[in-house]
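S.K.: Could you have a look at this structure, given as structure tokens, before my questions?
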């Protein structure tokens with residue numbers, strides 16, 4: 001439909017002109033520059049700084065990148081329907097462009113290496129496409145670091161310890177004031 005309208009316009013003569021649009025086009029065609037070898041990308045390109053959590057911000061939304069790019073500056077190409085995050089040579093992440101404000105697009109694959117080192121962090125991980133981590137391969141050589149079991153804190157014991165300190169504290173203050181009043185010289189030597 002557009003092509004037919006353009007071809008019909010070639011026979012049109014504009015105001016204060018003697019030649020048709022098609023005749024004037026033939027005169028100008030030898031002066032046209034050649035088309036570029038690769039079509040230009042219809043996007044907005046901006047440099048972005050990757051945060052410590054491997055996220056970049058575009059407008060008000062945040063997009064994840066592979067964790068090895070933390071603290072680096074990358075290029076973000078914002079197309080109409082997608083966002084590409086690239087280095088100088090390769091595309092590192094492609095996300096669907098978020099239309100709302102303050103949204104996040106986080107890919108599990110970008111954090112896989114970090115979650116392999118910290119498997120406990122997976123339960124708090126907020127990815128949009130959460131997957132299970134693959135099982136760890138068995139290690140053949142012994143680890144350089146000792147394996148220390150971590151137990152959750154016993155809050156009952158902690159609360160009991162705090163209560164005992166609070167009960168002892170007033171008695172210690174009374175003893176200190178009594179010593180200051182009765183024997184100030186001995187108290188100052190004992191404190192030093």
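S.K.: I'd like to check something: does the range 25-37 contain any residue that is over 51 Å from the mean Cα position of the chain (by Cα) and without any contact (Cβ under 8 Å) to a residue 12 or more places away in the chain?
M.R.: Yes: one or more hits.
S.K.: Suppose we filter 82, 62 for residues that are in contact (Cβ under 8 Å) with a residue 40 or more places away in the chain and closer than 26 Å to residue 114 by Cβ; which single one remains?
M.R.: Just one listed residue meets the conditions, 62.
S.K.: Quickly run through the range 73-87 and pick out the residues that are part of a loop (DSSP other than H, G, I, E, B) and surrounded by 14 or more Cβ atoms within 10 Å (Cβ to Cβ).
M.R.: Residues satisfying the conditions do not exist here.
S.K.: So in the range 114-131, with the set limited to residues that are surrounded by 12 or more Cβ atoms within 10 Å (Cβ to Cβ) and outside any loop (DSSP other than H, G, I, E, B), which one is modelled with the lowest pLDDT?
M.R.: So, considering only residues that are surrounded by 12 or more Cβ atoms within 10 Å (Cβ to Cβ) and outside any loop (DSSP other than H, G, I, E, B), the one modelled with the lowest pLDDT is 122.
S.K.: May I ask you to list the residues in the range 52-72 that are touching a helix residue (DSSP H, G or I) at 6+ places or on another chain (Cβ under 8 Å) and outside any loop (DSSP other than H, G, I, E, B)?
M.R.: The answer is 64, 67, 68.
S.K.: Just to be sure before I move on: is residue 34 exposed (fewer than 10 other Cβ atoms within 10 Å of the Cβ) and in contact with a strand residue (DSSP E or B) (Cβ under 6 Å, 6 or more places away or on another chain) in the structure I sent?
M.R.: The answer is no for residue 34.
The values are calculated or read from the model by the stated rules, or taken from the named source; none is laboratory data. Not measured: the values here are computed from a predicted model. All Cβ positions, even for glycine, are placed from backbone atoms using ideal geometry, and neighbour counts span all protein chains on display.
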